[in-house]
Amino acid sequence: MRIFAGRFETERTYIMIKPDGVQRGYVGEIIARFERKGNVLKGLKTFQCPKAVAEEHYQDLSEKPFFGDLVEYICSGPVVCMVWEGPGVVKSARKMIGATNPLESEPGTIRGDLGAFYALVGRNVIHGSDSNESAEREIALWFGGDDELVDWTPTITPWTRE
Ligand code: IDP
Ligand code: MG
């Protein structure tokens with residue numbers, strides 16, 4: 001683990017393009033945003049989510065009235081699952097993603113720019129882990145072990161680091 005600027009640890013986060021983001025053709029746009037920020041793509045797949053995985057992923061929300069609808073939505077079409085690595089990427093990804101409700105997310109964020117104005121709050125294009133603990137739990141849930149991830153460092157990395 002390397003510390004950058006005394007504050008940012010190299011860490012991993014779980015990012016998922018939700019069914020509405022895939023159906024609306026935003027896979028490339030979203031990957032490009034994470035790439036140009038300098039994050040490193042460690043895992044990527046298209047996935048048709050079984051109900052049990054969606055229920056486990058959103059287990060903290062199981063008491064919410066919208067839980068059933070949320071699980072149905074996540075399973076309604078393919079999602080794109082990703083693991084991104086970078087300094088402080090858990091927090092920076094949440095900033096890039098924007099507020100939960102697309103109507104309240106700032107322009108410049110993924111949900112602010114791509115969340116359709118007619119969308120319900122739940123149809124917000126993308127998921128990002130909210131903490132390091134969530135990230136590790138979600139990576140283990142969505143990727144079937146380390147053989148689905150590639151441990152690599154871009155050749156440019158030493159050149160870009162102070
Ligand atoms: P987050 O995705 O911004 O972390 P959470 O509060 O963790 O937001 O909720 C997880 C997901 O559940 C949201 O991204 C959204 O898809 C859905 N959701 C959250 N609140 C509502 C709601 O009030 N109605 C319907 N769906 C919701
Ligand atoms: Mg959340």
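The figures follow:
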{"item": "Within region 12-28, tally of residues that are more than 16 Å from ligand 2 (Cβ to nearest atom) and open to solvent by less than 30 Å² (accessible area, probe 1.4 Å)", "result": "2"}
{"item": "Some residue of region 79-96 being hydrophobic (A, V, I, L, M, F, W, C) and free of Cβ contacts under 8 Å to residues at least 60 places away in the same chain", "result": "no"}
{"item": "Checking I97 against (1) open to solvent by less than 70 Å² (accessible area, probe 1.4 Å); (2) at pLDDT below 95; (3) within 11 Å of ligand 1 (Cβ to nearest atom), the condition it does not meet", "result": "(2)"}
{"item": "Residue match in region 78-87 (condition: under 21 Å from D20 (Cβ atoms), open to solvent by 30 Å² or more (accessible area, probe 1.4 Å) and away from ligand 2 (no atom under 16 Å from the Cβ))", "result": "yes"}
{"item": "Among residues of region 106-131, those that are in contact with a helix residue (DSSP H, G or I) (Cβ under 7 Å, 6 or more places away or on another chain) and without any contact (Cβ under 8 Å) to a residue 12 or more places away in the chain, counted", "result": "2"}
{"item": "Count of residues meeting criterion [surrounded by 14 or more Cβ atoms within 10 Å (Cβ to Cβ) and within 16 Å of ligand 1 (Cβ to nearest atom)] in region 29-55", "result": "5"}
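The values are calculated or read from the model by the stated rules, or taken from the named source; none is laboratory data. Treat the numbers as computed from the prediction; the structure is a model and nothing was measured. Using ideal geometry, Cβ is built from the backbone for each residue, glycine included, and neighbour counts are taken over all protein chains shown. Areas reflect the complete protein model, heavy atoms only, side chains present, ligands, DNA and RNA absent. Shrake-Rupley method; radii C 1.70, N 1.55, O 1.52, S 1.80 Å.
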